[in-house]
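Asks: For reference, the structure I am asking about is given below.
The values are calculated or read from the model by the stated rules, or taken from the named source; none is laboratory data. If you're wondering where the values come from, they're calculated on a predicted model, not measured in any experiment. Quick reminder, even Gly has a Cβ in these numbers, built from the backbone with ideal geometry, and neighbours come from all protein chains shown. Note: accessible area is taken over every heavy atom of the protein model, side chains too, but ligands, DNA and RNA are not part of it. Shrake-Rupley method; radii C 1.70, N 1.55, O 1.52, S 1.80 Å.
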Amino acid sequence: MKLWGNLLFRRLLVLLVSVSMIGSGILPAQAQSSGQSPPAPQAEAAPDAAPLKPEEIEALVAPIALYPDDLLSQVLMASTYPLEVVQAARWVKANPNVKGDEAVKAVADQTWDVSVKSMVAFPQVLEPMNEKIDWTQKLGDAFLDDQKAVLDAVQRLRAKAQANGNLKTTEQQKVVVEQQAQQQVIIIEPAKPEVIYVPSYNPTVVYGPWIYPAYPPYYWRPSPIYYPGGWGAGFAWGVAWGFAAGAIYGGCNWRGGNVNINVNRAVNIDRNFNRNNIGSGGRWEHNPAHRQGVAYRDNASRQKYGRDVAGSRNRQDFRGRDGAGDRAATRPADRAGARPGDRAAGADRGRVGDRPGDRGGAADRGAGVSDRAGGIDRGGSSRDNAFSGVGSGSASQRDFNRGSASQSSMTSNRGGGASARPSPAARPSPAARPSPAARPSPAARPSGGARGGGGRGGRR
């Protein structure tokens, strides 16, 4: 009875100690020290870029909201290809005397998107797009993220300019107010279809006081080349561009909240234009191939367009390094031309391919060893790496056997040189070799001075 009482007392004591250890957190630590680790916290996904606020979008479109509708649509499309905008601006700078429709024809063979090609006809627009490339990329990202939000911001600013008396029909433009789908839409068209004026203005003057101090509007002063008179009362029309009407192919679909393109006019600008790369009703579709590695702002755009990007070719151009695009274009051709030519001699590697079927005899192999020396001159076998030749174990064993035989032969026949080595077929078999007992003793061997030519001449 006393024994049972002691056993019960010990069990109760163990139970109490265990409960106290669990309460003090000792057991989890012991479990961790014994190799049981707590579940690792799940990695959080990278936060996506927050959607742009309406006032942010208004700040982005402020300098272009009063452009004619067609030109505005093409600026929005071209802004989604910032690297090609930089390349087109460099072309315009290098060809200042080629203007308007002639400039568009001159860049027909360029690989840029048709929207970018059309911009060479409007250097007063292309120049600030290049100089304010951060703005261009932000504008393009906003347009890819939500086309309707961008077009709605344009309409809000046009309404403000009209309310302040700074948007009206003039000899340069025609302003039309329409009601579309329970929305008032302000349309801006050239007064004459064949003559296009591009306005330049101060947003804080034209739209009235800017009520978003956290997001001031983008703007740039007019170039004296294109706007000789500068700003008058915060607004300037500049020179007429009557020879650039052929570069217009886009339009704003205010009701649908997107931009449309005229396929026939687009083909006239770019003979390589893909007619299939448009949505229903002529809706514009972004082509990620022309993005040329420039990153997208948000996850949705990356998932939608990023998978089709071929790579980051010519990205150095976007970083302001002249000539990088040309280098990228010529480099692959140079490499492709150099390697095949250099490896022409390597085409005579028939030995390697014939090895499996050319195992007829060991004597043939012996000749092949000396011939293989020509393989050293492979014209830069740059393809070889640290693992070349490792995959053939049997070939390595054969090479080892040949080396052992050659070493034995050279030891006994140093005087004849490598070319006097007997072929494997002529070597004596192990059975034919004299036994150690039959070999002459060291005393019976001739001295070093009596050895034949080519001997070691005795020990020194």
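Asks: Stretch Ala106-Ala295 to full length: gain in nm at 0.36 nm per residue minus the Cα-Cα span?
Replies: 65.1 nm
Asks: Further question on the same structure: Among Thr204, Thr136, what's the order by accessible area (1.4 angstrom probe), most exposed first?
Replies: If we order Thr204, Thr136 from most to least accessible, we get Thr204, Thr136.
Asks: Taking the mean number of other Cβ atoms within 10 Å as a proxy for protection, how do you rank 115-127, 90-102 from highest to lowest?
Replies: Taking the mean over residues of other Cβ atoms within 10 Å, the ranking is 115-127, 90-102.
Asks: Lysines within cross-link reach of Lys174: Cα-Cα under 24 Å, excluding same-chain residues under 8 positions apart?
Replies: Cross-link targets: Lys148, Lys160, Lys192.
Asks: Let me ask something else about it. Using C-alpha positions alone, give me the convex hull volume of the range 174-302 per residue in cubic angstrom.
Replies: For the range 174-302, the hull spanned by Cα atoms encloses 202 Å³ per residue.
Asks: Could you compute the FRET efficiency for Thr204 and Asn264, with r as their C-beta to C-beta distance and R0 at 51 Å, rounded to 0.05?
Replies: About 0.80, to the nearest 0.05.
Asks: Which ³J(HN,Hα) values in Hz, rounded to whole numbers, follow from the phi angles of the range 73-78 under the Karplus curve 6.51 cos²θ - 1.76 cosθ + 1.60, where θ = phi - 60° and Gly and Pro get x?
Replies: Those phi angles translate into 4, 6, 5, 5, 5, 5 Hz.
Asks: Then there is this: Ordered by packing density, taken as the mean number of other Cβ atoms within 10 Å over each peptide's residues, highest first, how do 250-259, 269-278, 68-77, 186-195 rank?
Replies: Result, highest mean first: 68-77, 250-259, 186-195, 269-278.
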